[in-house]
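Here is the structure we will look at.
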Amino acid sequence: MIKFTVNIDPITRIEGHLAVRIEVEDGRVAKAFSSGEMFRGFEVLLKGRDPLDAQQITQRICGVCPISHGMASVLAQDRAYGIAPTENGQLGRNLIQAANFLQSHIIHFYQLSALDFIDVAAVLAYEGSDPGLRELKSWVNAQLASDAIYPAAPFLPRYEGDYLRETDTNITILKHYLDALNMRAIAHRMAAVLAGKLPHAPGLVPGGITETITAEKIASLEAMLSKLRTFIDHCYLPDVLETTAAFPQYLREGRGCSNFLVYGAYPDSNENTDIFPPGVVIGGELSPLNMKLITEDTSHSFYSSQSGLPPGSGQTVPDHTHKDAYSWVKAPRYGGNVMEVGPLARIMVAALRKEDSALKNLTRQTLARFNMGLENLESVMGRHIARALECKVVADRSAAWIERLIPGETAFQDFEIPENGMGIGLTEAPRGALGHWISIRKGKIENYQCVVPTTWNCSPRDDRGVPGPVEQALVGTPVADDHNPIEAVRVVRSFDPCLACAVH
Amino acid sequence: MKEITRRKFLKLSAKLAAMMGLSASAVPKIAEALDEIASGTLPVLWLQGLSCSGCSVSLMNSEDPGPLRILTRYLSLLFHSTLSTATGHTGMEIINRSIDLGGYSLIVEGSVPLGMPEACRMGEELFTDQLARAAMKADAVIAVGSCAASGGIPGAENNPTGAVSVPAFLQEKGIQKPVIRIPGCPAHPDWLVGVIAHVVKMGIPPLDAEHRPKMFFSRLIHDICPRFADYERERFAKTFSDEGCFFKLGCLGPLTHADCSLRLWNGGTNFCINAGSPCIGCAAEDFPQAVSFPMHTKKSSGEVE
């Protein structure tokens, strides 16, 4: 029996510090251990600060999805202060969040994941006139002929593996890799129109947003969104489906824990159904979300704080000597269940609801077109497809939000900060369900806890020894070569891990 | 993973040419098509400590030169955790070999957990050890973003990891290297690209006493603020989103050296004060301030009871 263990450390092309150890038996992963390798202590250093610092500081948890943290924080503060944004404020918030969501999904497929499937060296065969591809081709040529120790770094070297052989498809997706660099910058500019700057937006505050809505800004938002929608419809979604067609085995590999959790996001006064309806799927059954069932285990994490606490009274006491610990990530559980969050979870919840929604309909149409069932989505490529589909739904809905902005009407509601209060802010980050818990005492932050999408997805084993979603998804994955475990990193990257978020 | 040598690459190009149906005569063309691209770039090793990757994401917002042109014309980016195709031991081999050979500039994003080194590891190595050996062999160290430049949020009061800036860490370890500090949370892409272009074409740019490039950090945001006239005329904003100067909301523009108000962010789209928010001083030395010192207040201090 062939047996080997590989510690894949670092896992690159994700956000942050992640190591994954896999134990392979008979050519398949038998056990996997996911380790978050970096801790900063946001929850500790927020204590005693002014509550209004929270949305600024928590955005700095993550440079890829700062807006999600800013949003969770202002939602928690809205609740604590007893306020709600105006219509303009709500639409503005939705658009800021949507713009960063689009940028995150686009960067995830092209810059972070695509190089596991497509062959960058195919650019050498390019004979067309696209300036970006010509630049890339002549650079790769010059690099290969140079004395550089690592020619064409950071694109090479890489794991050896079964990269796509079809030259035209490789070149098409490479071209879109370059276009995506531009598109994600446009998405950031779109967010900056309403939020001041990205990453780390100043303009997201309790009571709405600080920017004022003008006709000029609306025109600017429309122009940028139109480019993004064209790219999503004509490049991103087709490229994901094309990659799926070339790697059909990844519609089977990487099935996770099959439990899903969604908090919901993008409140919209015009719609009966949220764009991402909240809900919980356990054992194929949909049930309503019950926040009281969330706890965080720490028996395999580097903390000495009590295990199994609900986030509202959660603690973060670091202890790098903690017995049996192998990760800085805590292990959140829902009624004791391991839960996957993110695009796949959002699609599963939407699809299992009786009510129609844009996400449910688009998913149904796409699955029918490719003769797939919902169960195919519980896989590596399924997560990529889910991400691309919801990207389109968010982009499409954004167009309606822009149309409803009213120039000159306020987007900020003034408020008072009470001496004491508490609030929970729940939203959907690009990577899944995100919650912030704030309690305020004597006008200062008494406690602050964040349970973040990658905390769920990359969690280590819990108190009962049950592995987290990524760990479970890896089990059974065929890995042929201990020096080139490309199959395993394809599984991990399909979750779009963000470790700065997961540990914070 | 075997080491990739030039010889292997020639073989690879031949293989690729065959795979792509090119004639054998195309192989030397592929392998020897040298042009000006290969010369004059800065070899860079990019390491992340206690970071959020926001400065990397910000760099990707650079326009003219955009990210592709930066990668092909200015940098030889040996390793970058968010962009490198190499992963696992393939990635660590690049880092280790680059350190063995030296002759690179080290860009560090994130602060350093001096008080709790176990708070950051990469490649089965403490980040503190990795940073020390990478810095020792570097020609120069660029600390990008407030975390690396001055400790930033991971180094805030009451932080549990004893996080410090990169220059403070180097001093602690007695490692003497030319250091360029580029604060900002995140750093503006122009600040880093401007420094890199300067280093490639003319060497290290003129620095101030705090090792910041003078060309970006010599003036206070307040002095070059579009609302400075409001300050002069004592027209003060009463809350967020208001017109007028944000001085009475605790705007930190008067204490922060940076050129955001002239340069603007995201390709000239906007910046904090134009968007109705006070400056929170993210490029200031003491960002994010003491626990007892709010980043801004919502109410004009003139009105607080």
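The values are calculated or read from the model by the stated rules, or taken from the named source; none is laboratory data. None of the values given here were measured: they were computed from a predicted structure. Cβ: placed from backbone, ideal geometry, glycine included. Neighbour counts: every protein chain shown.
Could you list, in sequence order, the residues of the stretch A:298-323 that are under 24 Å from A:I424 (Cα atoms), within 14 Å of chain B (Cβ to nearest Cβ) and part of a loop (DSSP other than H, G, I, E, B)?
A:S305, A:Q315, A:T316, A:V317
B:T85 passes all but one of (1) of a type outside the set (G, A, S); (2) part of a strand (DSSP E or B); (3) in contact with a Phe, Trp or Tyr (Cβ under 6 Å, 6 or more places away or on another chain); (4) at the interface with another protein chain (Cβ under 7 Å from one of its Cβ atoms); which number fails?
In the conditions (1) of a type outside the set (G, A, S); (2) part of a strand (DSSP E or B); (3) in contact with a Phe, Trp or Tyr (Cβ under 6 Å, 6 or more places away or on another chain); (4) at the interface with another protein chain (Cβ under 7 Å from one of its Cβ atoms), B:T85 misses (2) alone.
For (1) polar (S, T, N, Q); (2) in contact with a Phe, Trp or Tyr (Cβ under 6 Å, 6 or more places away or on another chain); (3) at positive phi; (4) part of a strand (DSSP E or B), each residue gets a yes or a no:
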| site | (1), (2), (3), (4) |
| --- | --- |
| A:T5 | yes, no, no, yes |
| A:P10 | no, no, no, no |
| A:A19 | no, no, no, yes |
| A:I22 | no, no, no, yes |
| A:V29 | no, no, no, yes |
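Right, B:V199: buried (at least 17 other Cβ atoms within 10 Å of the Cβ), outside any strand (DSSP E or B), of a type in the set (A, V, I, L, M, F, W, C) and at pLDDT below 95 or not?
Criteria met by B:V199.
Being modelled with pLDDT under 95 and more than 16 Å from the chain's Cα centre (by Cα) narrows it down to one residue among A:E409, A:E375; which is it?
Checking each option against the conditions leaves just A:E375.
Which numbered condition trips up B:T161, out of (1) assigned to a loop (DSSP other than H, G, I, E, B); (2) out of contact with any Cys (no Cβ under 9 Å at 6 or more places or on another chain)?
Going through (1) assigned to a loop (DSSP other than H, G, I, E, B); (2) out of contact with any Cys (no Cβ under 9 Å at 6 or more places or on another chain) one by one, B:T161 breaks only (2).
Tell me, yes or no, whether the stretch A:356-367 has at least one residue that is surrounded by fewer than 18 Cβ atoms within 10 Å (Cβ to Cβ) and either touching a residue at least 12 places away in the same chain (Cβ under 8 Å) or part of a loop (DSSP other than H, G, I, E, B) (or both).
yes
Select from the stretch A:277-297 the residues that are part of a loop (DSSP other than H, G, I, E, B) and either out of contact with any strand residue (DSSP E or B) (no Cβ under 7 Å at 6 or more places or on another chain) or at pLDDT below 95 (or both) and write down the one among them that is surrounded by the most Cβ atoms within 10 Å (Cβ to Cβ).
It comes out as A:P277.
Would the stretch B:289-304 turn up any residue that is within 27 Å of B:G54 (Cβ to Cβ), small (G, A, S), outside the structural domain of B:P154 (by TED's automatic domain parsing) and out of contact with any Lys or Arg (no Cβ under 7 Å at 6 or more places or on another chain)?
So far as the stretch B:289-304 goes, yes, one or more of its residues are within 27 Å of B:G54 (Cβ to Cβ), small (G, A, S), outside the structural domain of B:P154 (by TED's automatic domain parsing) and out of contact with any Lys or Arg (no Cβ under 7 Å at 6 or more places or on another chain).
Kindly evaluate B:S241 against the criterion of being facing chain A (nearest Cβ under 9 Å), touching a strand residue (DSSP E or B) at 6+ places or on another chain (Cβ under 6 Å) and among the polar types (S, T, N, Q).
Judged against the criteria, B:S241 is a match.
Tell me which residues, restricted to the stretch A:173-224, are assigned to a helix (DSSP H, G or I), among the acidic types (D, E) and either closer than 19 Å to A:R397 by Cβ or facing another protein chain (nearest Cβ under 8 Å) (or both).
A:E222
Kindly indicate the residue of the stretch A:1-30 that is more than 21 Å from B:H80 (Cα to Cα) and of a type in the set (A, V, I, L, M, F, W, C) and also farthest from the other protein chains (Cβ to nearest Cβ) among those meeting that condition.
So, considering only residues that are more than 21 Å from B:H80 (Cα to Cα) and of a type in the set (A, V, I, L, M, F, W, C), the one farthest from the other protein chains (Cβ to nearest Cβ) is A:M1.
Looking for whichever is acidic (D, E) and over 24 Å from A:R13 (Cα atoms) here; the options are B:D190, B:D223. Which one fits?
The match here is B:D223.
Determine, yes or no, whether A:A187 is under 30 Å from B:G281 (Cα atoms) and in contact with a Gly (Cβ under 9 Å, 6 or more places away or on another chain).
No; evaluated as a whole, the condition is false for this residue.
Just a yes or no: is a residue in the stretch B:288-295 more than 7 Å from every other protein chain (Cβ to nearest Cβ), among the aromatic types (F, W, Y) and surrounded by 22 or more Cβ atoms within 10 Å (Cβ to Cβ)?
no
Taking only the stretch B:54-82 into account, find how many residues are assigned to a loop (DSSP other than H, G, I, E, B) and farther than 26 Å from B:T269 by Cα.
Residues that pass the stated criteria total 2.
If you scan the stretch B:87-96, which residues turn out to be touching a residue at least 24 places away in the same chain (Cβ under 8 Å) and not hydroxyl-bearing (S, T, Y)?
Correct list: B:H89, B:G91, B:M92, B:E93, B:I95.
Residue by residue, here is whether (1) touching a residue at least 12 places away in the same chain (Cβ under 8 Å); (2) surrounded by 23 or more Cβ atoms within 10 Å (Cβ to Cβ); (3) under 29 Å from B:G88 (Cβ atoms) holds:
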position	(1), (2), (3)
B:C120	yes, yes, yes
B:L126	no, no, yes
B:S146	yes, yes, no
B:V166	yes, yes, yes
B:A187	yes, yes, yes
B:W191	yes, yes, no
B:P206	no, no, no
B:H211	yes, no, no
B:F216	yes, yes, no
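Among the residues of the stretch A:123-141, how many are facing chain B (nearest Cβ under 7 Å) and among the small types (G, A, S)?
3
Name the single residue, out of those in the stretch A:142-164 being modelled with pLDDT under 95 and over 20 Å from B:L83 (Cβ atoms), that is farthest from the other protein chains (Cβ to nearest Cβ).
A:D147
Which one is surrounded by the most Cβ atoms within 10 Å (Cβ to Cβ), of the residues in the stretch B:260-278 that are touching a His at 6+ places or on another chain (Cβ under 8 Å) and in a loop (DSSP other than H, G, I, E, B)?
Here the answer is B:S277.
Within the stretch B:128-135, does at least one residue satisfy the condition of being within 8 Å of chain A (Cβ to nearest Cβ), in contact (Cβ under 8 Å) with a residue 24 or more places away in the chain, assigned to a helix (DSSP H, G or I) and within 16 Å of the chain's Cα centre (by Cα)?
no
Looking for whichever is closer than 20 Å to A:G468 by Cβ, modelled with pLDDT of 95 or more and within 25 Å of the chain's Cα centre (by Cα) here; the options are A:R79, A:R21. Which one fits?
Step by step, each of A:R79, A:R21 is checked, and only A:R21 is closer than 20 Å to A:G468 by Cβ, modelled with pLDDT of 95 or more and within 25 Å of the chain's Cα centre (by Cα).
Mind listing whichever residues of the stretch B:88-127 are within 11 Å of chain A (Cβ to nearest Cβ), within 24 Å of A:N484 (Cα to Cα) and in a helix (DSSP H, G or I)?
The answer is B:G88, B:H89, B:T90, B:G91, B:M92, B:E93, B:I94, B:I95, B:R97, B:S98, B:D100.
All but one of (1) in contact with a Leu (Cβ under 6 Å, 6 or more places away or on another chain); (2) without any contact (Cβ under 8 Å) to a residue 40 or more places away in the chain hold for A:N170, so report the exception by its number.
Answer for A:N170: the failing condition is (2).
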